[in-house]
Amino acid sequence: MAGISCSSIRKSFDRTEALSELSIDFQSGRTTALVGPSGCGKSTILRMIAGLETPDTGQIAIGQETPKQVARRGGLAMAFQDASLLPWRTVRSNIALGAELARKPADRVDDLIDLVGLDGFADHRPAELSGGMRQRAAIARSLISEPEVLLLDEPFGAVDAITRRRLNRDLPPLWRELQTTTLLVTHSVEEAVLLSDRVIVLSPRPARILADIQVDIHRESTVSATTSPEFRAFATQVLAALEESE
Amino acid sequence: MALGRTMLGVLFALLVWEGLARVQPNSVLISGPTDILAYITGHSGLLFRAATETSMNAVLGFFWGNLAAVALACFVILVPKSEWVVSALALLVFCIPLIASGPILRVLFGPGAGPQIALAALAVYYTTFLALVVGLRAISQSWTDLMTVYGRGRLSTLFVVRFRASLPYLFVGLQIAAPAAFLGAMIGEFTGAERGLGVLTLRAMRGLQTDATWALAAISASLAMLGYACVGLLKSKLTPHAPTILLSTPRVGQKRALTTRILGIVFLSALVLVLWQGLMDLFNLNSFFAKRPADIWNFVSNTTNLNTLLTALGETLAYAIPGYLAGLVLGAGLAIALTLWPCVARATMPTAITLRAVPIITTAPLLVLAFGRGLTGTVVIVAVMVFFPTLVACLQGVRQTPMQIVDLFESYGASRLKLLRSAQIPAMLPALFASARMAVPAALLAVTTAEWLATGRGIGVLMALTASTSDYNMLWSCVVLLCLVAVTAYAGVSWCEKRVLRVYASEQVV
């Protein structure tokens, strides 16, 4: 299992500087949430770790390898802001695609369908599903290859509140079990605190680290945890850092 | 209900047709449905053999042409840098009117079915190529991202995502290709085959056999439409959500500097010359009929030859330009008129889409009969060839007007005319220009075919003459000249298109 290290990465699009000299390390097997104002470059960080963009200067390493090398042996998975399912494939076959592409066995499809609450919809096509259901299928697709690095780019945006709660409860144990290094970009402070071991608050463009908060909550009680004083304290801390950024 | 009304309409049209034919029983113009039927039943064996021959050639050409299109499109997707060279060469070959490549293929292949099949293939590959490139590209960014995240390259993306995503577009291309292949096969037969519907058509025209000409035109058009309908059926079964029509939008790309563009043209011209010479030498073709670039250069350096060529070209353009413009203006004009009566537009759309697919050339002999062998007949053929695609594209273009904009105009109580002028016509412009561009080769094909068949003037006739007198230098020069004219005109229309769309549809010319 490998951690991720970004050292002094810099990235500009046209003339706007998205990132300038940013260095962050993500520990192996842990879940880190990135929060920050819209357009601050959170997604860019994720896309660079996924090998979709290359930094103008600086290095990104996953263990001893480059993102592309990890990608090539199927060690990466990402869930995008839109579900990006293939419309001609059924839910089952869309989820299996994650394993196919990573060249891994797809024997856990049905477990994952249950886990994301799509039982009964395995043979439906994306057009027959609601936006939230599609998103859940996409999350299942990202998990099936049991990736070393899991990148979640606001994957719960289109999911309804009730399901979102359920996913928030069920997903973290899963990626903890897989020992996946998970990065989560989210707008929801609550979700960030609930799902992650660590929350990083970023400033507006070009992104700087405003706060780096270790979230040590007793994990077994996460569902009811949102109301606990401990949880509120962390959430307040994150909110305060966000407000400071304005 | 709707079917019943259509049947009634058809019946009525047939009665009127029959009545007209009865009024002038000795006319060389019109044959009534009963005369046509009588001819068909009287010559069923001959017609059946000819139809089978032509259909076989069309099917083979359809297969090879589309295979080439698929291969080219995949190559362009896998090697994006090759796109402009491949597209430019594909366009260049497409711009050579079939009636011009026909005689050359005839001398290369000899008397068999080769030229017909090759022409059928040439008639289909470009539209399929265009549709398929659009289709293979029509995938969302997140799908390619997904493939990259799993470390998969272009080839996997092509197989897992692009092929399936492009199917609807492929079928749009294939559907247009079906009647086009038939057209190609017919034209191949015009240029000197031994069997087939095209051969019979030529014979019937030269012998002024009105019934035979009508019967052959009816059979040819029906067979072409049958191909269109068959592929259409397959399309609606396999890809129910296919777009009804595709516009060939101008290529989106960076604005290139003038010097880059000139260099590009020079490079392309050199490439064409090298390919031309190279292919002739590679297959060791007899220089008596397989002329090389140097032969043509020497030939046109002679003033007399050049004058003959340019005079013929002048005559041809005198037919082609009015026909082309008339077709465009009438097509766009009718589309605008229909927009003012939306219910009429909705009703005429399917008919127009179907008529667009009728290969006009197969009915050219009828138009010649009806409008004579002079200026009018030829101009009408060209205009009809341009008219239907333009009408369909423009109607489709008007539909692209965003609903919110229509609502906005309505909320201010704007008149229909105001809406038309300020929103719908601008929305139609990309479609109009796309079809104006694609109509350039079509118009040249129509005019040269009409000349070849009927008029006794122009470059089509020059080619027909030189093909029979074995003056291959003249034949090749005609082809080169026509190709140059087509490419120049195409480029000219594209130039106007970019200027206009920059104002009216800036998102399309980034």
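Summary table below
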| quantity | calculated |
| --- | --- |
| Shielding score for A:74-80, defined as the mean number of other chain Cβ atoms within 10 Å | 4 |
| Mean Kyte hydropathy of -1.0 or more with a Cα span along the axis of at least 24 Å, helices from DSSP in chain B | B:2-23, B:44-78, B:114-137, B:163-190, B:210-238, B:258-282, B:303-340, B:375-399, B:425-450, B:472-504 |
| Electrostatic dipole magnitude of chain B [Cβ: Lys, Arg +1; Asp, Glu -1; Cα centre; debye, to 20] | 1140 |
| Placed amide H near A:A79: partners under 5 Å, 5+ positions off or other chain | A:L151, A:L152, A:D153 |
| Cα pair distances of chain B binned at 10 Å [whole percent] | 4, 17, 28, 27, 16, 7, 1, 0 |
| DSSP bridge orientation in the protein assembly as shown - percent antiparallel, rounded to nearest 5 | 50 |
| Ellipticity estimate at 222 nm from DSSP helix runs (n ≥ 4, -39,500 (n - 2.57)) divided over chain A, nearest 500 | -11000 deg cm²/dmol |
| Distant alpha-carbon pairs in the protein assembly as shown (separation over 43 angstrom), percent | 43 |
| Residue-averaged beta-carbon neighbours from other chains (10 angstrom radius) around B:137-148 | 5 |
| Cβ-based exposure ranking for B:V379, B:V79, in which fewest neighbours within 10 Å come first | B:V79, B:V379 |
| At least 15 Å along the helix axis (C-alpha) and Kyte average at least -1.0, DSSP helices within chain A | A:91-102, A:131-144, A:229-244 |
| Global form of region B:431-487, assessed from the alpha-carbon gyration tensor, a/c cut-off 1.5 | oblate |
| Proxy reagent accessibility, fewest Cβ within 10 Å first, across B:K418, B:K291 | B:K418, B:K291 |
| Which of B:L275, A:L152 has the fewest Cβ neighbours within 10 Å, and the rest in rising order | B:L275, A:L152 |
| Kirkwood estimate for region B:280-510, i.e. one over the average of 1/r between Cα atoms, Å | 19.7 |
| Of A:I95, A:I209, A:I62, the one that fluctuates the most in a GNM where chain A has Cα springs shorter than 10 Å | A:I209 |
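Laboratory data are not the source of any read-out in this text; all were calculated from the coordinates shown. Because the structure is predicted, anything quoted here is derived from the model rather than measured. Glycine gets a Cβ as well: all are built from the backbone with ideal geometry, and neighbour counts include every protein chain shown.
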